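The values are calculated or read from the model by the stated rules, or taken from the named source; none is laboratory data. On a predicted model such as this, the values are computed, not experimentally measured, just so you know. Note: ideal-geometry Cβ built from the backbone for every residue, glycine included; neighbour counts use all protein chains shown. Surface accessibility is based on the protein's heavy atoms, side chains included, excluding ligands, DNA and RNA. Shrake-Rupley method; radii C 1.70, N 1.55, O 1.52, S 1.80 Å.
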Amino acid sequence: MPSGEWPILVNEIAKDPATHGSTFIPILLGSDKTTVSVTTRQNDYYPLYTSISNVQNNVCCAHRNAVTIVGFLAIPKTTFMTVPEVVHFGDGHFQCVIYGLGPYIADYPEQVVLSCIVSNWSTKHFLSHFTDVFCDNVDFSTLWYQWGVDADVVPFTNNYPRADIHELLSPDILHQLIKGTFKDHLVTCFSRIAAAPSFAGLRRFPQGHGFSQWTGNNSKALMEVYLPAIEGHVPNDVVCAFLEFCYLIRQDIITENTLEEIKEALDCFHCYCKIFQETGVHFDGFSLPRQHSLMHYVMLIRMFGAPNGMCSSITESKYIKAMLLTNQRLDKLAAARTDFMAHEMLERKRACTIPIHALAEELGVPNLPQLVCLFLYDQLLADDEHTSDTIPLSACHRFEGCIKVFGSAVSTFFAPSNPSGIGGMRREHIRSVPSWRGGPGCYNTIFVNTGSEDGMHGMEVVRVLCFFSFHYGRDFQTFPCALVHWFKLVSDKPNPRNGMWILKPSFLNLELNTRELSIIHVNTIVHAALLLPIFGEEFVPEKATFHKTLDTYCGLYVNKFTDHHSFEIVS
């Protein structure tokens, strides 16, 4: 928001010399029709939210109370501010401030009411002063049927100085992109979605995507696994272009180069959408208001800045928090648990210590001691000319001690475009356990920084079979590491159809099923990676289960739509 240009409002304010040198603080408004059915007999109301637009996007996205609920009433009449007032800012300085109406967050039905247009018409095809001229010179029937204007209603901004509701309606990622275009237009149920391997933070869809009530989180989760699932059944060019557009729009920082990429992705999406006309699905094309709104995103981003800080998912979370006290109770329980654990009042599951040969037998990796010896050589003795790949095993240090085994590791990285803290930092759990939540084992795949000049910008993908650490040397130096199974790139370029890299499991001897295993230091781990099967045109076997997907399919996509960090790494 602070990076928006605000050309019309700022120029209008600057006409008054008394405002020169003042700070302009746009008031961000939002509303969304909400139905409360518990104890209220299906009452509908419009909660009104407000925020100041000088707050950074990462504060809004981190849900740090930058947005607040004004009430559930109609917008009250108020006096209009034309003279700056002195305000004491949080940094201790005083500054002249002038307030004005800024972007208004609303779903399309609310936008129709606010802008006083006919449903299914664009909210951006008129400005208020043009509408006033038409209302004075054209009969109401013509305005309704030919111009899409409801002349019986006056926009609430009609008497506000420097405010036009048609300009102030902001882009809404949740309802226009995620729920609108993706859910209502592109999604079809596929059993392939249920075959997606487990991944940190990824929702499971055991029945494809069938659930009684569809939420924004359902759509976001489905977007992460949808593209490979439709391959061979639905033209995936249109979905790929749309997902590219979504991930570019949802970035925390949007530059001029990003805007060009957004325009290119949108042009591709509109071009590929013609397939629905050519195949007879929709002979006359589409006339969907939420899809049409995508055409205005570049202009609105230039006006208001990155839209991820103005999404209605932020405002919706506010009335949910206000209505449901359960969340508060859960927060108190979480705080109590943390306090009890700090005072050692709860038993914590510790890492187990086991002899290396016993662990080798448990994992079914008889050469684990030799792999540890090669790992120690790389950590202690390797140089530019000698590595564990070029020396005999007899030249390596021997290790016959005990190993401490862990069930997971935590990766912390900077990802401001994802749900994260104010500083943009995100935590992610990577698991490697023989049984997860009483079910099958969970062995996550991860990006590893190998510094390779080929492939995915120095990244490679491995599957973690075990996290462990051990002490070695006179000073008992600790080596936190992981036993991993490597995946190899099939090609030195991504798949041109969907922009995803293709991998296959690496084997030293395919006939004997001898996997390429090694031990890596945990400092080389970047974060989790999601691999999805290449289904082709075949259907998923009925007995297929998600925890065996990586062992069943020989070809796998590196999913770049898992989150924004993956999108930037492997695009």
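Below are the figures for this structure:
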read-out	value
Of all residues making up the range 376-407, the number that are open to solvent by 30 Å² or more (accessible area, probe 1.4 Å), closer than 17 Å to residue 477 by Cβ and not in a helix (DSSP H, G or I)	7
Out of 116, 96, sole residue that is surrounded by 22 or more Cβ atoms within 10 Å (Cβ to Cβ) and modelled with pLDDT of 80 or more	116
Test set (1) modelled with pLDDT of 90 or more; (2) within 29 Å of residue 269 (Cβ to Cβ) - residue 498 fails condition number	(1)
All positions within the range 525-546 that are touching a residue at least 12 places away in the same chain (Cβ under 8 Å) and more than 24 Å from the chain's Cα centre (by Cα)	535, 536, 537, 538, 539, 540, 544, 545
Pair list, Cβ under 6 Å, 6 or more apart: the range 258-283 residue surrounded by 17 or more Cβ atoms within 10 Å (Cβ to Cβ) and modelled with pLDDT of 85 or more, other residue assigned to a helix (DSSP H, G or I) and charged (D, E, K, R)	265/244
Residue match in the range 313-332 (condition: part of a loop (DSSP other than H, G, I, E, B) and either among the hydroxyl-bearing types (Ser, Thr, Tyr) or modelled with pLDDT under 75 (or both))	yes
Matching option when the condition is of a type in the set (Ser, Thr, Tyr) and open to solvent by less than 50 Å² (accessible area, probe 1.4 Å), among 571, 506	506
Unmet requirement for residue 410, which otherwise passes all of (1) in contact with a strand residue (DSSP E or B) (Cβ under 8 Å, 6 or more places away or on another chain); (2) aliphatic (A, V, I, L, M); (3) open to solvent by less than 50 Å² (accessible area, probe 1.4 Å)	(3)
Yes/no for residue 480 being under 30 Å from residue 389 (Cα atoms), open to solvent by less than 60 Å² (accessible area, probe 1.4 Å) and in a loop (DSSP other than H, G, I, E, B)	no
Failed item in (1) closer than 21 Å to residue 514 by Cβ; (2) surrounded by fewer than 13 Cβ atoms within 10 Å (Cβ to Cβ); (3) touching a Lys or Arg at 6+ places or on another chain (Cβ under 9 Å), with residue 366 passing the rest	(3)
Pairs with Cβ under 6 Å, 6+ apart, first in the range 380-406 and among the polar types (S, T, N, Q), second not in a loop (DSSP other than H, G, I, E, B)	388/374; 388/377; 388/378
Which listed residue is exposed (fewer than 13 other Cβ atoms within 10 Å of the Cβ), at pLDDT below 80 and more than 20 Å from residue 370 (Cβ to Cβ), from 455, 536	536
Selected residue (criterion: nearest to residue 531 (Cα to Cα)) from residues of the range 437-460 that are part of a strand (DSSP E or B) and touching a Lys or Arg at 6+ places or on another chain (Cβ under 9 Å)	445
Criterion violated by residue 555 - all others in (1) buried (at least 20 other Cβ atoms within 10 Å of the Cβ); (2) touching a strand residue (DSSP E or B) at 6+ places or on another chain (Cβ under 7 Å) satisfied	(1)
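Residue-by-condition table, conditions (1) at pLDDT 75 or above; (2) open to solvent by less than 10 Å² (accessible area, probe 1.4 Å); (3) over 30 Å from residue 19 (Cα atoms):
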residue	(1), (2), (3)
105	yes, yes, no
147	yes, no, yes
158	yes, no, no
178	no, yes, yes
